[in-house]
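The values are calculated or read from the model by the stated rules, or taken from the named source; none is laboratory data. Just so it is clear, the model here is predicted, and its values are computed rather than measured. Cβ atoms come from the backbone with ideal geometry, glycine included; neighbour counts cover every protein chain shown.
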Amino acid sequence: MDLIINLALNGLATGMLIFLLAAGLTLIFGLMDVLNFAHGGLFAWGAYSGLWIYSQTGSFIIGIIGAILTGFLLGIITEKWIIKPVYGNHVQQILITLGLMLVLSEMLKVIWGPNQITASPPDYLKGSWELGGVIIIKYRVFIILVGFVIFAGVQFLLKKTKIGLVVRAGVMNKEMVQALGINIQRVFMFVFMIGAGMAALGGVLLGPYSGVIHAGMGMEFAILAFIVVVIGGMGNFKGSVLAAILVGLSGSFMAYYVPDLSLAVNMLLMAIVLIIRPQGLFGAKG
Amino acid sequence: MNNDLLKLDKVETHIGQYHILQGVSFEVKKGEVTVLLGRNGAGKTTTLRTIMGLKPASKGSVTFKGEAIQSLPTYTIAKKGIGYVPEDQGIFAGLTVEENMRVAIQKDDEETAKRMDWILHLFPDLKRFWKKPGGLLSGGQKQMLSIARAYVNENELLLIDEPSKGLAPIVVEKVMDSIIQMKDQTTIVLVEQNFMMASTIGDQFYIIDDGRTVSHGSMKQLKENEEMKRKYLGIA
């Protein structure tokens, strides 16, 4: 039982980190019809900037806030100067965002050096609790809680606020939103900023979880995030959280029980979903 | 004093490589219903989309209340007081009727509340299905929602594209009655294939053929001109 709970917590924590990256990706695709391959770069920048701020200030909370603000800033710059000129052209979007991904990764090496950087949680999140003989690692619980809080926050934003309503309407019919007097461009930037901020938060949380960060981490996680977006249904926010948990849990259990299949399991999962339900588990038929 | 609320002057619009509008000119007088008539593919829908800035004009001018609007983005044009009911109704299928209305509301004031009351009184079905997703409404109810959304703000001009399309005759009558009631409060440009509806509601008409305005006059004149009806509208 101890093992199952720990594998589940591990899977949930990984799932939440992937969710933070995938949620922005799916919202950006749903609303703006943009395939952003640079999203992983924002995740890596969140990790580097946040942990650097953490090391300078000694406060993990300030590090997290710094990472989110870095994500917001990079999101605004990316949307305004990189993505905006290629709206509506998927081939150009893929090329330009892949290029940006490489630039963002290389910039990390220029600023912080090419070597891995070690990271550990703050003292109050180190160690574990013992509940009924089961060892529960504090930092994993912290990531899961942050993931759920962010999920609930974004759900609240989407369901209970006017801007959320406009975002949902924009996903369904961008043209009509504009014809109702709403500047969709501003909504695009807002969504891009929120998505980038969530990715950066995921990055800074990953550091102490995995123990090290490196410039290539963005691409590694971006692939998982794309798998999650496909499984959950392109553009479906709720689908992204459930698919992320599914991917996290399956990766965690397979890594323990069938280690040879642990790397392939996500691809396998995606292939099965694509065969049975090509629009994704929660996506609408297109 | 010039009574024109909207004026199009030699407007040309390209969609990709196609030259759809090749010289559309007309004037819309305040308080009137101007009907754009013509065969399928003549350019009536593109004319409305060009006014809204959804397919910007490549030549010519669109003037609203004396101000050139042809280069403005769609949302600015809408905010200037033009409501748009597209041919496909543009309903947000996953949002409830209430949410569809909330997206549309630009000002949360007493005047908007009054207009909302008036429009819900006109279309009681919308109130009945207030919490139902827009995608589950019938064709007629979707049309009512689309018109209500355009009307709820204090728009001085409504552009309504083929409101009778695909609707049962009894629903067409209901939609027609509602537009007649709105006539007293706002100016309307109506694109309509249903001549009975167009001739009942319209004050003046413009015929668009092959992307050009080819004729205009009062609706009374058109009703009496059998040759024009046959030539441009295919009505025997």
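Quick check, is B:Arg128 without any contact (Cβ under 8 Å) to a residue 24 or more places away in the chain and more than 9 Å from chain A (Cβ to nearest Cβ)? Walk me through how you get there before you give the answer.
Values: without any contact (Cβ under 8 Å) to a residue 24 or more places away in the chain: yes; more than 9 Å from chain A (Cβ to nearest Cβ): yes.
For B:Arg128, the condition - without any contact (Cβ under 8 Å) to a residue 24 or more places away in the chain and more than 9 Å from chain A (Cβ to nearest Cβ) - is met.
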Contacts under 7 angstrom Cβ, first residue in the stretch A:163-188 being on the phi > 0 side of the Ramachandran plot and facing another protein chain (nearest Cβ under 7 Å), partner at pLDDT below 90 and crowded, with 20+ Cβ neighbours inside 10 Å, 6 or more apart
none
Those residues that are over 18 Å from A:Met193 (Cβ atoms) and not hydrophobic (A, V, I, L, M, F, W, C), I need them from the stretch A:31-53; list them, please.
A:Tyr48
How do the pairs read when you match residues in the stretch A:218-231 that are closer than 18 Å to A:Gly283 by Cα with residues anywhere that are of a type outside the set (Gly, Ala, Ser) and not in a helix (DSSP H, G or I), using Cβ under 7 Å and keeping only pairs 6 or more apart or on different chains?
A:Ile231/A:Leu281
So the check is Cβ under 6 Å with 6+ separation or different chains; which pairs have a first residue in the stretch A:82-98 that's at pLDDT 90 or above and a second one that's in a loop (DSSP other than H, G, I, E, B)?
A:Ile83/A:Val34; A:Gln93/A:Val34; A:Gln93/A:Leu35; A:Ile94/A:Leu35; A:Thr97/A:Asn36; A:Thr97/A:Phe37; A:Thr97/A:Ala38; A:Leu98/A:Phe37
If a residue must be farther than 19 Å from B:Ile82 by Cα and in contact with a Ser or Thr (Cβ under 8 Å, 6 or more places away or on another chain), how many such residues does the stretch B:97-146 contain?
7
Please work out if B:Ala57 is under 24 Å from B:Leu120 (Cβ atoms), at pLDDT 95 or above and either within 14 Å of chain A (Cβ to nearest Cβ) or out of contact with any Pro (no Cβ under 9 Å at 6 or more places or on another chain) (or both).
no
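So, in the stretch A:235-270, how many residues would count as being under 30 Å from B:Gly94 (Cβ atoms) and loosely packed, with under 12 Cβ neighbours inside 10 Å? Give the derivation first.
Restricting attention to the stretch A:235-270, the residues satisfying the condition of being under 30 Å from B:Gly94 (Cβ atoms) are A:235-250, A:266, A:269-270.
Going one step further and asking which of them are loosely packed, with under 12 Cβ neighbours inside 10 Å, we end up with none.
Of the residues in the stretch A:235-270, 0 are under 30 Å from B:Gly94 (Cβ atoms) and loosely packed, with under 12 Cβ neighbours inside 10 Å.
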Residue ID - nearest to the other protein chains (Cβ to nearest Cβ), chosen from residues in the stretch A:146-162 that are out of contact with any helix residue (DSSP H, G or I) (no Cβ under 9 Å at 6 or more places or on another chain) and among the hydrophobic types (A, V, I, L, M, F, W, C)
A:Ala152
Exactly one of B:Leu72, B:Leu8 is under 16 Å from the mean Cα position of the chain (by Cα) and either of a type in the set (Asp, Glu) or at pLDDT 95 or above (or both), and that residue is B:Leu8
Taking the stretch A:1-60 and the residues there that are closer than 25 Å to A:Leu165 by Cα and small (Gly, Ala, Ser), the one that is modelled with the lowest pLDDT would be A:Gly30
Scanning the stretch B:87-120 residue by residue, those modelled with pLDDT of 95 or more, facing chain A (nearest Cβ under 7 Å) and within 20 Å of the chain's Cα centre (by Cα) turn out to be B:Gly90, B:Phe92, B:Val103, B:Ala104
Please go through the stretch B:56-107 and give me each residue that is farther than 24 Å from B:His14 by Cα, of a type in the set (Gly, Ala, Ser) and either touching a helix residue (DSSP H, G or I) at 6+ places or on another chain (Cβ under 9 Å) or surrounded by 23 or more Cβ atoms within 10 Å (Cβ to Cβ) (or both), ordered by number.
B:Ala93, B:Gly94, B:Ala104
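Residues B:Thr76, B:Thr45: which one is in contact with an Asp or Glu (Cβ under 6 Å, 6 or more places away or on another chain), on the phi < 0 side of the Ramachandran plot and part of a helix (DSSP H, G or I)?
Values: B:Thr76 fails: in contact with an Asp or Glu (Cβ under 6 Å, 6 or more places away or on another chain).
Of the residues listed, the single one that is in contact with an Asp or Glu (Cβ under 6 Å, 6 or more places away or on another chain), on the phi < 0 side of the Ramachandran plot and part of a helix (DSSP H, G or I) is B:Thr45.
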Top-ranked residue in the stretch B:2-49 [being of a type in the set (S, T, N, Q) and over 21 Å from B:Leu233 (Cα atoms); ranked as surrounded by the fewest Cβ atoms within 10 Å (Cβ to Cβ)]:
B:Gln17
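Every residue, every condition in (1) free of Cβ contacts under 8 Å to residues at least 24 places away in the same chain; (2) under 21 Å from B:Gly211 (Cα atoms); (3) away from every other protein chain (no Cβ under 14 Å), yes or no:
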position: B:Phe26; (1), (2), (3): no, yes, yes
position: B:Gly38; (1), (2), (3): no, yes, yes
position: B:Ile51; (1), (2), (3): no, yes, no
position: B:Ser71; (1), (2), (3): yes, yes, yes
Scan the stretch A:108-123 residue by residue and report those that are surrounded by fewer than 16 Cβ atoms within 10 Å (Cβ to Cβ) and in a strand (DSSP E or B).
A:Thr118
For the stretch A:141-181, which residues satisfy the criterion of being part of a helix (DSSP H, G or I), more than 17 Å from the chain's Cα centre (by Cα) and not hydrophobic (A, V, I, L, M, F, W, C)?
A:Lys159, A:Lys160, A:Lys162, A:Gly164, A:Arg168, A:Gly170, A:Lys174, A:Glu175, A:Gln178
Out of all the residues in the stretch A:179-193, is one or more within 16 Å of A:Trp45 (Cα to Cα) and not aromatic (Phe, Trp, Tyr)?
yes
